[in-house]
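One structure below.
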Amino acid sequence: LHFVIYTIAYCIGSNALAFSNFYISYNYHSEQREHRRARKDLLKRTVFVGNLPAWMTKKALHKLFRSVLTKAKIDSASCKIESVRLRGAVPTTGGTSKQAKKRSSIQHEFAGGDKHTQIGFVVLTSTAGISAALRLNGYFLAKDGADTGRHIRVDVCGRQNPSYNTHKSIFVGNLPFSTNEEEVRQAFQSFGRITNVRLVRDSATGAVKGIGFVEFEDPSSIPFVIRQAAMSRSNGGSESNESQGLVVGGRRLRVEAWKSIKKVKKTKQQRREKLGSYQAQKSVGVSRNTLRVPTNLKGAAARKQFMKRVLQKRSKRKQIDAATDGKTAVKVAKTGKFGPVGGRKAKAKKSGSGK
């Protein structure tokens, strides 16, 4: 009787524990779904603003987008600005803490000086004002009413597909690390109307990584730009090429048709693996022509271990050849192959000829 009671109690307790675990897991996953749904809704009504100058403030950016919503006759009850954030501050001290970046943003003291580029995020209360905010894409933000300023880039954060057209874009390499979007725009504006300029930057320092993309309004401008860039590099970057806008910061630009960053990373990885294989073979004292590594081996460690085994076998053969006064070595040389396989073939031929 005690055993039956204990068994029933155990079953009830285990079922209660399983039910409680299921309930906790269900609540956790439901909270995660709600969080993802809220995050997705927030991104849909968040506007990204790039290529902002160093003198831009949150108040000035708020005023700019508020004027756009007013011109579009969008009522504040239907859509208004919820928050404005500025990011991308790089302190002159080189600090990476939040306090150092916040102090640099408030005092407008950046490592890049006046050439520093900020990015901003404008959150709206609804998606009704997104179409009006996107009209600011390519807007020239003048400094104190002068001709000097920046062309800002505006896009939606929650966009599924990229807003740029790859068939109208070119890849630009060999850019100076201290350049900005405006200098690149000025270099290519003589070839046609430019829709977008995107530079790949380092997240920690904010410096340009040396590559970028330029999107034209007319795709027929791309072959002309590539041809002019090739002529500039072949001529050595003379003053005439600088006037054509193919030199930025004293560096001759490398212009190609648009290529994906994923493809560039993939080709770089393939080159690294090929170079690593060559260095691994070189490190153990074997040339590439005398040792063939199987292509199905993955990783430098596997290739190195394979070559180590092969070298050990060869060293054993040399010891055997030295002990037998080179008779085994002569057999291997006749067959033209390395290793004991060649020796066995030579021995089989000799026995067949004796018969």
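A short reminder: the numbers here are calculations on the coordinates, not readings from a lab. Model, not experiment: these values are computed from the prediction. Methodologically, a virtual Cβ is constructed for each residue, glycine included, from the backbone with ideal geometry; neighbour enumeration extends over all protein chains shown.
A few comments on the model shown:
- The slack in the chain from Leu43 to Cys157, taken as 0.36 nm per residue of separation less the alpha-carbon distance, amounts to 40.5 nm.
- Mean Cβ count within 10 Å, highest first, over the residues of peptides 72-81, 246-255, 116-125: 116-125, 246-255, 72-81
- Bins of 10 Å, starting at 0 and running to the largest distance - Cα pair percent for the range 45-156: 14, 44, 30, 11, 1
- Take the Cα of Gln32, step 7 Å toward its Cβ, do the same at Thr125, and the gap between the two points is 3.4 nm.
- Links that overshoot a 24 Å alpha carbon limit, given the list Lys58/Lys80; Lys44/Lys115; Lys40/Lys63; Lys58/Lys115; Lys73/Lys102; Lys80/Lys115: Lys44/Lys115; Lys40/Lys63; Lys73/Lys102; Lys80/Lys115
- Placing dummy labels 7 Å off each Cα toward the beta-carbon, the span from Ala142 to Arg87 is 3.2 nm.
- Distance between modelled label sites at Ala100 and Lys318, nm, 7 Å Cα→Cβ extension: 5.4 nm
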